[in-house]
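K.L.:
Before I ask anything, here is the structure I am working with.
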Amino acid sequence: MRIGILGSGLMGGKLGTLFARAGHEVVFSYARSKEKLQRLAREGNASAGTPGEAAKEADAVLLAVHWSRVDDVLKQAGDLSGKVIVSCSLPMNADNTELVVAHSSSGAEEIAKKVPKARIVCAFNTVPSEVLFGVFEARRKAERPSLVYCGDDSSSKGVAAELIRDVGFDPVDAGPLRIARYSEPFALLVAQLAYAGSGGPELAYRFARFGK
Ligand SMILES: NC(=O)c1ccc[n+]([C@@H]2O[C@H](COP(=O)([O-])OP(=O)(O)OC[C@H]3O[C@@H](n4cnc5c(N)ncnc54)[C@H](OP(=O)(O)O)[C@@H]3O)[C@@H](O)[C@H]2O)c1
């Protein structure tokens, strides 16, 4: 697939690199320096461009910016009608201490309102970026870590599930987009365990699919 990366930081940089390693055609965009995008492109066997170029002709775009940058990057990306948008963006405040959307809505649902003609899938936001390369390297092992995703459009969810598998996770369809109301706060629990709780990293990385 051709995948446009909107936001080439910790998540976008790593996921874009892994998508390219899995054989997809990747365009990195939206970092504060052009040099960074060019470096990612060079090292990842991908290309660099503007958000508009990344989105044009893309089979899927990855939305991986801070909540405060969502409107700006969507504006720069241009018309996203009909596009699959895989979002890992969490609706966090400026200092990343609180969700600014929760309970009765979610970041993913608010993005769907901003781009009503696009097809939004919420995925990858329950995983800390640090583990992505490790999961990719271990991807052929029988016991793959689960990764939940949700969305309202089944063909877009098929695209997201393929990308999740390509990174090395077992995709778990959690249902419609409104389930992001529960998965987004869950992402903060994982982050709390990973970065702040005692023994967190072990716990956070060992969440296994229930019933397996
Ligand atoms: N990191 C994680 O473990 C993780 C896990 C789950 C979900 N998420 C969510 O994923 C999204 C992206 O997170 P991230 O950790 O990848 O963030 P990040 O490293 O800060 O990446 C954000 C990207 O936006 C770019 N950007 C362009 N213009 C900007 C501006 N004016 N101000 C700030 N950034 C600008 C940044 O540029 P530069 O490259 O120049 O900085 C960077 O490439 C967030 O919504 C976050 O909540 C992150």
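K.L.:
Using bins 10 angstrom wide from zero, how does P(r) for segment 122-201 break down, in % of all Cα pairs?
P.N.:
Pairs per bin, as whole percents: 19, 46, 31, 3, 0.
K.L.:
For a test of the definition: using alpha carbon positions, the gyration tensor, and the 1.5 limit on a/c, classify segment 1-159 as rounded, prolate or oblate.
P.N.:
Verdict is rounded for segment 1-159.
K.L.:
Right, another one. With respect to the cross-link table entries LYS117/LYS157; LYS14/LYS157; LYS56/LYS113, which display a Cα-Cα separation exceeding 18 Å?
P.N.:
Result: LYS14/LYS157; LYS56/LYS113 exceed 18 Å.
K.L.:
Sticking with this structure for a sec: Kindly identify segment 50-105 as rounded, prolate or oblate by the Cα gyration tensor criterion: order the square roots of the eigenvalues as a ≥ b ≥ c, call it rounded if a/c is under 1.5, otherwise compare a/b with b/c, prolate if a/b is larger, else oblate.
P.N.:
Taking the square roots of the gyration eigenvalues as a ≥ b ≥ c, segment 50-105 is prolate.
K.L.:
Further, regarding this structure: Taking segment 125-167, which GluC sites (Glu not before Pro) meet the DSSP loop condition and have no more than 16 other C-beta atoms within 10 Å?
P.N.:
Filter output for segment 125-167: GLU143.
K.L.:
Could I ask something else about it? Quickly rank 147-157, 54-64 as a protection proxy: mean count of other C-beta atoms within 10 Å, highest first.
P.N.:
Result, highest mean Cβ count within 10 Å first: 54-64, 147-157.
K.L.:
Once you wrap a convex hull around the alpha carbon atoms of segment 63-156, what is its projected area averaged over all directions, in nm²?
P.N.:
Computed as one quarter of the Cα hull surface, the answer is 7.4 nm².
K.L.:
Follow-up. With the full set of protein chains in place, find how many percent of the accessible area of segment 1-153 is carbon and sulfur; take the probe as 1.4 Å.
P.N.:
Roughly 47 percent of what the probe reaches on segment 1-153 is carbon or sulfur.
K.L.:
Given a 1.4 Å probe, how much area per residue of the chain is accessible, in Å²?
P.N.:
Normalised by residue count, the accessible surface of the chain is 49 Å².
The values are calculated or read from the model by the stated rules, or taken from the named source; none is laboratory data. What you see is a predicted model, and the numbers here were worked out from it, not measured in a lab. In this analysis, Cβ positions are derived from the backbone assuming ideal geometry, glycine residues included, and neighbour counts consider all displayed protein chains. When the accessible area is computed, the model is the full protein with side chains, heavy atoms only, and any ligands, DNA or RNA have been set aside. Shrake-Rupley method; radii C 1.70, N 1.55, O 1.52, S 1.80 Å.
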